[in-house]
1. List every residue pair whose Cβ atoms lie under 8 Å apart, where the two residues are 6 or more positions apart in sequence or sit on different chains, the first residue falls within region 273-287 and is free of Cβ contacts under 8 Å to residues at least 60 places away in the same chain, and the second residue, located anywhere, is surrounded by 11 or more Cβ atoms within 10 Å (Cβ to Cβ) and acidic (Asp, Glu).
2. I need every pair where a residue in region 307-329 that is on the phi > 0 side of the Ramachandran plot has its Cβ under 7 Å from the Cβ of a residue that is surrounded by fewer than 15 Cβ atoms within 10 Å (Cβ to Cβ) and of a type outside the set (A, V, I, L, M, F, W, C), sequence separation at least 6 or different chains.
3. List the residue pairs whose Cβ atoms are under 7 Å apart, where the first residue sits in region 73-101 and is touching a residue at least 60 places away in the same chain (Cβ under 8 Å), the second is among the hydroxyl-bearing types (Ser, Thr, Tyr) and not in a strand (DSSP E or B), and the two are 6 or more positions apart or on different chains.
4. Give the residue that is farthest from residue 426 (Cα to Cα), with candidates limited to residues of region 460-477 that are more than 9 Å from the ligand (Cβ to nearest atom) and hydrophobic (A, V, I, L, M, F, W, C).
5. Just one of 345, 336, 361, 366 is basic (Lys, Arg) and at pLDDT below 90; which is it?
6. Among the candidates 181, 206, single out the residue that is surrounded by fewer than 21 Cβ atoms within 10 Å (Cβ to Cβ), charged (D, E, K, R) and modelled with pLDDT of 90 or more.
7. Only one of these is modelled with pLDDT of 90 or more, within 16 Å of the ligand (Cβ to nearest atom), under 19 Å from residue 305 (Cα atoms) and outside the structural domain of residue 291 (by TED's automatic domain parsing): 431, 437. Name it.
8. What number of residues in region 58-82 are within 30 Å of residue 184 (Cβ to Cβ) and touching a Gly at 6+ places or on another chain (Cβ under 8 Å)?
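The values are calculated or read from the model by the stated rules, or taken from the named source; none is laboratory data. The shown structure was predicted, so the numbers you read here are calculated from the model rather than taken from an experiment. Cβ placement follows ideal geometry from the backbone for every residue including glycine, while neighbour counts extend to all protein chains displayed.
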Amino acid sequence: MGLFKLYFAFCNLGLFCVSGFGVDPALHVDIFEEFDNVKTSDGVSQVQGFHNETRAYLFEGTLRNARVSLKAAERILQKLRGRTEFTLLLTLKQEKFSSGVLLSIHYGDQRFLEVESSGLRNEIRLFFQTSDQRQQREVFPYGLADGHWHKVSLAFSATQVVLHIDCNRIYERIVEMPSMDFPRGTNIWLGQRNDAHGFFRGVMQDVQLVVVPHGYIIQCPDLNRTCPTCNDFHGLVQKIMELQDILAKTSSKLALAEEKMKYLDGCYCERTCTLNREIYRDDDAWIDGCRNCTCSNGTVECESIFCPPPQCPPDTAPIYMPGACCKECQPVCLFRGRVYVEGDRKSVHDSKGNCLLFECRDRSMRRVEITSCPELNCPESEQITLTDRCCKVCRGHDFCAEDHSRSCVENSDCINLEAGAFCSCKEGYHALRDDSAYCQDIDECAEGKHYCRENTMCMNTPGSFMCVCNSGYVRIDDYSCTGVQDKEAKHDAREQLCDK
Ligand SMILES: [Ca+2]
């Protein structure tokens, strides 16, 4: 019972069932359609059939030659080759007490499929060949030759043969598997074994070969198909074996995965941090510009570096060194009453008006030789004299394009002036150094510098902030949100005001 349930479950999945009773032409042979010779043979004539939907033929005498042409035979056999499941269907009225072959498919003396009805012995005989070329004979006691119409169905399914007469299941036998390995040149005869023997006498109609399971249903649609055929069963066994194989492989993979999971449970999964495309491990500490940062359980935490006021010895002064956040004591030069740090330059003019350039090196201002100045493409009135170089520049000269912008390190823009440049924090940032070379985002939410109003929550962003609507509220503008009902009420109120 369980097997049948499984079978119908497979049917529902469309694994190996024929749906409905319409048969694919590739799986169906109408013998009279293919059998042109029958219609023109002596001793064969068209007569009134069991019904009028198809033509019926009367077979009489012994001068017939109702053999299909080899070309048509090949077409029919091609549909049967290699099949393990097919059904022969006939509707016939056999002359009383007569004997004769209904259909014969043979090659020489090899009878691949032959069905004979004997009116003398009241039996139906089936001849077929096995795959090891032995001839088999199966006898079904039944009297067909009674002068009345009968529907005959002989269904083969692997090793099972089922005989239906007039839609009644008469016999079901287990036999050896018939061979469907027809050689080319195999003959098909209808109503006789050959041109000398086995002449059938009577009328035949609807002679068909179908290669589907339960082919008798085509002849008797009212017969309900309740059981799988042997072929279905073999298919089922095959499928179950495949499923068992898949189940075994899947179980093995699952066991392997479970084993790996056990090790994973014992693993410590470290949460790393990412800042400026750099990845830091948990508990890492580093200096980012003017901030001390740490990675704590996947979150970067930074705080501004505190710079203690420098206590510089004589002949030194606190200055910012490249890459350092706090001022460091550096040697200085004293020149004409002013203090210059290492690398600072100063231009002076002598009594003849010549420009002399000095640079602070090792605590003293040293002369720098000037070779020549680049030619300027602006009138003299637009030329500007600078205090740290002898060569003039045109008004509007871009000092930021020189090296100055490099000193504006973090969240800082270089601002160009007429005679130099300086650093300025970007909007939304404040300076971490008094020269504004390093700047940090202003946390507007924490510092109360936001404009978020009713039903919102302030969220800090780099360089700005956002007002996020509280859950269940909808946005009115960038800074406020409202409940849906409130919004409708305000809308109605506005409309009422407009109406007035
Ligand atoms: Ca901000």
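1. 273/282; 273/284; 275/288; 276/288; 281/270; 282/270
2. Partner pairs satisfying both residue conditions: 315/363.
3. 73/186; 77/186; 85/229; 87/216
4. Step one: of region 460-477, the residues more than 9 Å from the ligand (Cβ to nearest atom) are 466-477.
Among the residues that remain, those that are also hydrophobic (A, V, I, L, M, F, W, C) are: 466-469, 474, 476.
On the way: 466: 18, 467: 21, 468: 24, 469: 27, 474: 32, 476: 29 Å.
Result: 474.
5. Being basic (Lys, Arg) and at pLDDT below 90 holds for just one of 345, 336, 361, 366, which is 336.
6. Only one candidate qualifies: 181.
7. 431
8. The first filter runs over region 58-82 and keeps only residues within 30 Å of residue 184 (Cβ to Cβ), leaving 59, 62-82.
Retained after the next criterion (residues that are touching a Gly at 6+ places or on another chain (Cβ under 8 Å)): 59, 62-64, 66, 70.
Final tally of qualifying residues: 6.
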